[in-house]
Amino acid sequence: METQELKNAWNASEKNLENLWTLNMRCIEMVQTQKAKSKLNGLAAFKSVAIILGILYVLFLGILVYGNHFKNLYFTFSIGIIMVINIVAIAVYIKHLVLISQINFGESIINAQKKLAELQASTINITRIIWLQLPFWCTWFWSSNWINNNTANFLLTAFPIALFFAVVAVWLFKNISLQNSHKKWFRILFSTTEWTSVIKAIEFINEIDEFKKD
Amino acid sequence: MQTDKESFSKLMQENKGIVFKVCNSYCSNKNDIEDLAQEIIYQLWKSYSSYNSEYKFTTWMYKIALNTAISFYRKVKKTRNTISFEEHLIEIEDDNNSSETNQNINLLQQFINELKELDKALMILYLEEKSYKEIAEIIGITETNVATKIGRIKEKLKQKFSTYNL
């Protein structure tokens with residue numbers, strides 16, 4: 001089939017679209033009377049829910065710290081750090097929400113789609129930050145009394161466990177990135193269904209980059 | 001505001017083919033086509049106030065329609081992994097067309113449906129006889145890249161057509 005025949009076939013199909021104009025008119029009336037809503041704001045909705053849950057979680061942690069009256073410094077410090085990490089994550093989510101609202105579909109397809117896919121994939125970056133709280137979940141129950149009176153027990157159990165999780169958290173913080181998305185450990189870590197859309201977004205970013213090459 | 005509504009409706013009337021050709025290329029069943037058409041019109045209306053009349057309306061319209069369609073397609077694809085071609089809304093029943101032409105239209109629609117999201121956008125613009133310069137502006141790649149990619153897709157389409165016509 002030659003180029004002109006392809007174009008003729010394409011143009012011939014237009015005649016069959018005429019009868020769908022009634023539907024088009026109904027859509028125009030609906031959007032102009034604000035009776036229609038966008039179905040493409042799932043990403044913003046997801047981030048909004050994450051922000052609300054994050055704020056509630058930070059408030060809960062705040063109540064715990066306040067309830068402890070700063071009696072145990074290890075508890076206060078650990079929960080305080082966990083709070084700070086979660087506040088940073090919430091701030092990043094809020095920044096994403098602003099960026100989502102600024103996406104302009106009037107931009108070129110490559111630019112708009114890449115921004116959108118990057119925002120979708122950016123949930124991975126929040127995960128990096130969230131992992132940093134891991135070692136502090138192993139230190140909040142420490143006490144001066146335990147360390148001073150049962151030093152051997154502390155040094156052989158609690159301290160190595162916290163140290164191990166600190167190393168894991170820092171390693172994950174450094175290595176969880178879009179550049180490592182092709183690696184096996186990354187695929188295993190994000191293999192569950194809730195990560196499917198994020199993984200698909202990463203694949204789409206790679207597809208866009210490939211498409212841009214001559 | 002009333003003037004905006006009227007001018008928008010008029011521009012949509014003049015360019016109605018764009019919305020449905022894009023919808024028909026990215027969706028394969030009636031409900032999805034209707035949903036996508038509504039989404040595209042919603043996005044066009046939402047962005048209409050920011051449209052700069054110094055630029056060609058159809059270029060702007062293609063950007064919005066294709067960006068919306070690609071986003072919609074990626075969302076729908078997650079929930080429906082397999083879509084049969086038989087579900088296709090646009091049934092070719094025009095008595096004026098020969099059965100060979102109808103077969104070609106159906107094959108062309110099927111092949112376009114099988115292309116990747118970005119290649120599909122490129123092919124729609126090519127078949128709509130947009131210049132390489134305009135396609136490059138809408139897609140956001142260089143004119144040389146447009147020419148190379150269109151050449152490759154056309155070659156694939158020709159091969160598929162010849163396979164079917166054997």
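Tabulated data
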{"item": "16 Å Cα cut-off, lysine pairs counted over the stretch A:35-154 (separation 8 or more, or different chains)", "result": "4"}
{"item": "Percent RCO, i.e. relative contact order, over the stretch A:38-212, from Cα pairs under 8 Å lying at least 6 residues apart", "result": "25 percent"}
{"item": "Average beta-carbon neighbours from other chains, 10 Å sphere, peptide B:102-109", "result": "5"}
{"item": "In order through the stretch B:122-135: 3J(HN,Hα) via Karplus (6.51 cos²θ - 1.76 cosθ + 1.60), integer Hz, x for Gly, Pro", "result": "4, 5, 4, 5, 5, 5, 7, 6, 6, 6, 4, 5, 5, 4"}
{"item": "Trypsin sites (Lys or Arg not before Pro) restricted to DSSP loop in the stretch A:81-153 with at most 16 other C-beta within 10 Å", "result": "none"}
{"item": "Net lengthening on full extension, A:THR196/A:ASN11 (0.36 nm per residue, minus Cα-Cα)", "result": "62.8 nm"}
{"item": "Neighbour cut-off at most 10 other Cβ (10 Å), DSSP loop, GluC sites (Glu not before Pro), the stretch B:100-162", "result": "B:GLU129"}
{"item": "Cleavage-rule hits (chymotrypsin sites (Phe, Trp or Tyr not before Pro)) in the stretch A:95-166: DSSP loop, at most 12 neighbouring Cβ within 10 angstrom", "result": "A:PHE141"}
{"item": "Computed [θ] at 222 nm, deg cm²/dmol, chain A (DSSP H ≥ 4; -39,500 (n - 2.57); rounded to nearest 500)", "result": "-23000 deg cm²/dmol"}
{"item": "For the stretch A:83-91, Karplus couplings with θ = phi - 60° (6.51, -1.76, 1.60), whole Hz, Gly/Pro x", "result": "4, 4, 4, 5, 5, 4, 4, 5, 4"}
{"item": "Cα shape, the stretch A:38-212, gyration tensor, a/c 1.5 rule", "result": "oblate"}
{"item": "Contour minus Cα-Cα distance for A:VAL167 and A:ASN41 (0.36 nm per residue)", "result": "41.6 nm"}
{"item": "Residue order, fewest to most beta carbons within 10 Å, for B:SER50, B:SER9", "result": "B:SER50, B:SER9"}
{"item": "Percent of Cα pairs exceeding the 30 Å cut-off, where the set is the protein assembly as shown", "result": "51 percent"}
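Read-outs throughout are calculated quantities, based only on the coordinates presented, and are distinct from any laboratory measurement. The shown structure was predicted, so the numbers you read here are calculated from the model rather than taken from an experiment. Because the Cβ atoms are built from the backbone with ideal geometry, glycine has one as well, and the counts that use them run over all protein chains shown.
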